[in-house]
Amino acid sequence: MSTKRINGIHLEKMIKNGLANLQQHEEEANRLNVFPVPDGDTGTNMVLTLGNGVRYAKSSDDAGAYLRSLSDGMLLGARGNSGVILSQFFRGFAAELARSPIIGPGELRNGLIRGYRAAYEAVVHPVEGTILSVVREGIEHIRTQITRNSSIESILSMYIAEMRKTLSFTPEMLSVLKEAGVVDSGAYGFILIAEGMLKCLYGEVIDPKELPQPYTDAPVDLSLFNENSEFADGYCTEFILQRLVNSRYQQEFNKEDFISELRFFGNSIAVIVDGMRVKVHIHTLYPSKVIAFAQQYGEFLTFKMENMQVQHNEHDRIVEQKKEHKPLAVIAVVNGEGLKTLFSNFGCDIVIDGGTTMNTSSAEFLEAFDKVDADAIVVLPNNPNIILAARQAVELSKRRDITVVESKSAAQGYFAMAMDIPDSDDVKFRISQMQSGIDNIATVSQTVASRDYSYHEISCRKGDEIALLDSEIVSVGSDYVKTIVDTIAVIPDIDDKETCVLFRGRDVPEEREEELYELLSSLYPMMDFEFIDGGQEIYHWIIGLA
Amino acid sequence: MKDYILMADAGCDLSAEFQEKYDIKIINGHLVLPGKGDVPTFMEWKDVSREQFYAELKKNPNDYATAPPNLTEYETAFEPYIKEGKAIICVTISSAISGALDFATTARKNILAKYPDAKIKLIDSLRFGPGFGLMLVHASMLRADGKSFEEVVKYLEENRNRFHQAGWLDDLSFVAKKGRITHPKAFFGQLAGIKPIGEFDAGGLTTVLGKAKGAKAAYSVLMKYIEATIEDPEDQYIFIAQTSRYPQAEAYKKMIEEQFNPKAVYIIDVFPFCGINIGPGLMAAYYVGKPISEDLSAERALIEQFIAEAK
């Protein structure tokens, strides 16, 4: 079997098969995530990102058009660093093929090249030994072998083979992988997608799993249309009509006349004719008339009708929810009831619940940008894993007035908020104050290892108490206090630290504050200590030292 | 010409020693203390230590309240001197945070009705605590130099805005709660490790001009700020006020002495009349310098610059 060219419909099938293949191995990819803290599993993030693209994408014969909508959806749905890199790869791929309704070997090669370049550009400090190396070497090693006569199957086979080769080298490139004895999870996930696409060409279709619900399409609140509502917006009506040759139906069909007739019933009319099938979109107050008219020509293959007043009211409600105008609005991502309350009390305009994994998507950021009415916006991601997604959202929003203050922990976010001067008229000064809030803050996080792990001198077993300085594990043991004390002790400028803010996790008893305070204040008598009920899920303690 | 009286309320935080040395008459106001009810203001720690007082205040701030001297108390304070034929300059705690000036104004009217020749001048200090106290000390020194009633009044009216505050208030929950500072929620409570730096504004309140992260950074900003705004430091007495921040005040005193070599630096306690409204987090120096701009723009620019340099 040899395919020389693929159109949008083929491509869509391939992409869906790629997603299904990734989903089938999602847990495997997650397990490759070597870090013993379960915040941001690569496999899941990639599934969510590609899944949002597939859901968002509009089917089209035109491969370029399909890819464009797929890539838009992925950019919006991107979660975690692996998701952002994947979405950027597809953005490059789609940009290269924007004017290619049909993809042949040359287009595919160029798309794969442009894709990896876009992925590299998205990352400030590209790290080799990750998905980046795999997508780059995969195509660079075979690009000269691709000719006009190459089949899509052969290109993808070579591409996958090269990527697998690179994948097996990722432990050599990245020591953290080597010590853990695994390959890079993001790279592995990408190969799964490519393999699924190739399998599709060989007719091996994988049953798709149900996708997790999207967050961009929040369910419409039907209570917004009730006995007291006005009805003025009509129904959004969409159907595909199959014209039938049976003489009971009108056989003469002229698209222009059909459209002119429809104009009597409504507006926003779109009609696409594909042989004996007619796809119709119309906004109408009287769908029954449209149905009766259309039924003269055939029967409905599909039919969809939505009350637009509900959507309108929903829109009004969202507009109403918009906050009052402010010179500067702050959007922060946190996990835990205590932290959410704290950030709101601090004057944060929108507090996004990062969930357990703190992997907020670009779409969630965009939605938040929309909800505030401000001259400038500051975003506090409070997690290294979502800084990229936040930056991507800023880029997608095309707004220049949004600053991502790259807080890597809730503790850094706390100091950024605390340094703000809300009654100053000087927005630039306020942003620079917040920016300076995160400087020189050491974050110590303490939790229990969720899996076995080994890197350099450090190794731990699932269930061990571990403490991290910024994002590196420093101490492992059976006593949580000791891990914290040991980790604080290695902060290079610990003697210059004056303040220690401790956020207690959800399942940590309050009495432990006393225990920690006594020990820490005896070790650092000059330091000020402040305990806050954070209520965060994964980390038992998040400790910021300033 | 020392035939006029300098008078003030307890908002000036001048201890008995200063009152005597500078001959300043104090009109007591009122305190509501837990378990004690309404008691007169006091300016020495007798029944309770400074640390105890502020620790208790921090725990139950709602059990404490203050009130200025009332109408009768002002009249009673004015009358004996008027009868003696002495003129009075009465300086009050900032009208932005207390009703003292209102009571004094009515009291003055009543006294004038009774003694049409009485000479009483009321001056709104637009300050509180040791910043207000320092203003009185300056007035008293002028009086000792032989300046007339009118000259001292003119000095006070023209130079009020040269009395600076360079310091921090690291627990803003009190000023916020008492409505004595206009701030959004973000300012509530104590922000661990953050030092909001404030200066007196034209309205008689303090405005936060910037925030420094940590005491070290704050000291560096404050020292530069004093340097940029003070005039003739070697001729000055500098007051350092602290509510419950004595060690920090001592460190500050040392730095100021070393850098500016003033005549003397005094660490001044803030007593309950002001302290109840400020809370335990004040640590600030008071001195005379360049006039403070009406909208604080010049001062804000300096603080912003120094904060940027301290990073």
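The values are calculated or read from the model by the stated rules, or taken from the named source; none is laboratory data. The model shown is predicted, which means the values in this text are computed figures rather than measured ones. Please note: Cβ atoms are built from the backbone with ideal geometry, for glycine as well, and neighbour counts cover all protein chains shown.
Annotations for the structure displayed:
- Top-ranked residue of the stretch B:168-197 - restricted to ones that are within 11 Å of chain A (Cβ to nearest Cβ) and modelled with pLDDT of 80 or more, ranked as nearest to B:R300 (Cα to Cα): B:I197
- Of all the residues in the stretch B:40-52, those that are touching a residue at least 60 places away in the same chain (Cβ under 8 Å) and farther than 24 Å from B:N70 by Cβ number 3.
- Of residues in the stretch B:194-214 being hydrophobic (A, V, I, L, M, F, W, C) and buried (at least 21 other Cβ atoms within 10 Å of the Cβ), the one farthest from B:I292 (Cα to Cα): B:I194
- Residues of the stretch A:461-502 satisfying the condition of being among the aliphatic types (A, V, I, L, M), more than 30 Å from B:A218 (Cα to Cα) and buried (at least 21 other Cβ atoms within 10 Å of the Cβ): A:I466, A:A467, A:I473
Residues checked against (1) closer than 22 Å to A:M526 by Cβ; (2) in contact with a helix residue (DSSP H, G or I) (Cβ under 6 Å, 6 or more places away or on another chain); (3) not in a loop (DSSP other than H, G, I, E, B):
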residue: B:A251; (1), (2), (3): yes, no, yes
residue: B:C274; (1), (2), (3): no, yes, yes
residue: B:M283; (1), (2), (3): yes, yes, yes
residue: B:V288; (1), (2), (3): no, yes, yes
residue: B:S293; (1), (2), (3): no, no, no
residue: B:R300; (1), (2), (3): no, no, yes
residue: B:I307; (1), (2), (3): no, yes, yes
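- Listed here are the strands (runs of 3 or more DSSP E) enclosed by the stretch B:1-77 that have at least 1 residues being touching a helix residue (DSSP H, G or I) at 6+ places or on another chain (Cβ under 8 Å) and closer than 19 Å to B:G129 by Cα: B:4-9, B:24-27, B:30-33, B:65-67.
- Residue check, A:N33 in contact with a Gly (Cβ under 7 Å, 6 or more places away or on another chain) and not assigned by TED's automatic domain parsing to the domain that holds A:C460: no
- Of all residues in the stretch B:112-125, none are of a type in the set (A, V, I, L, M, F, W, C), closer than 22 Å to B:H164 by Cα and modelled with pLDDT under 95.
- Qualifying residue in the stretch B:28-39 (condition: under 30 Å from B:A118 (Cα atoms), surrounded by 13 or more Cβ atoms within 10 Å (Cβ to Cβ) and β-branched (V, I, T)): no
- In the stretch A:416-436, residue nearest to the other protein chains (Cβ to nearest Cβ) [restricted to those that are assigned to a helix (DSSP H, G or I) and surrounded by fewer than 21 Cβ atoms within 10 Å (Cβ to Cβ)]: A:F429
- Residues being within 14 Å of chain A (Cβ to nearest Cβ) and more than 30 Å from B:R50 (Cα to Cα) - total across the stretch B:266-306: 12
- When the stretch B:221-252 is filtered for residues that are within 13 Å of chain A (Cβ to nearest Cβ), surrounded by fewer than 19 Cβ atoms within 10 Å (Cβ to Cβ) and touching a residue at least 24 places away in the same chain (Cβ under 8 Å), only B:A251 remains.
- Residue that is assigned to a strand (DSSP E or B), of a type in the set (G, A, S) and in the same structural domain as A:E537 (by TED's automatic domain parsing), where the choices are A:S450, A:S454: A:S454
- Scanning the stretch A:1-31 for residues that are touching a Ser or Thr at 6+ places or on another chain (Cβ under 7 Å), in contact (Cβ under 8 Å) with a residue 60 or more places away in the chain and surrounded by fewer than 22 Cβ atoms within 10 Å (Cβ to Cβ) gives A:S2, A:T3, A:K4, A:N30.
- Scanning the stretch B:198-220 for residues that are in contact (Cβ under 8 Å) with a residue 40 or more places away in the chain, hydroxyl-bearing (S, T, Y) and more than 10 Å from chain A (Cβ to nearest Cβ) yields B:T206, B:S220.
- Looking at A:V474, A:V501, just one residue is on the phi < 0 side of the Ramachandran plot, touching a Phe, Trp or Tyr at 6+ places or on another chain (Cβ under 7 Å) and assigned to a strand (DSSP E or B), and that residue is A:V501.
- Per the conditions (1) within 14 Å of another protein chain (Cβ to nearest Cβ); (2) under 25 Å from B:S94 (Cβ atoms); (3) among the charged types (D, E, K, R); (4) surrounded by fewer than 20 Cβ atoms within 10 Å (Cβ to Cβ), the sole criterion not satisfied by B:E309 is (2).
- Identity of the residue in the stretch B:282-300, touching a Leu at 6+ places or on another chain (Cβ under 9 Å) and surrounded by fewer than 23 Cβ atoms within 10 Å (Cβ to Cβ), that ends up nearest to B:A202 (Cα to Cα): B:L296
- Qualifying residue in the stretch A:401-414 (condition: within 14 Å of chain B (Cβ to nearest Cβ) and more than 24 Å from the chain's Cα centre (by Cα)): yes
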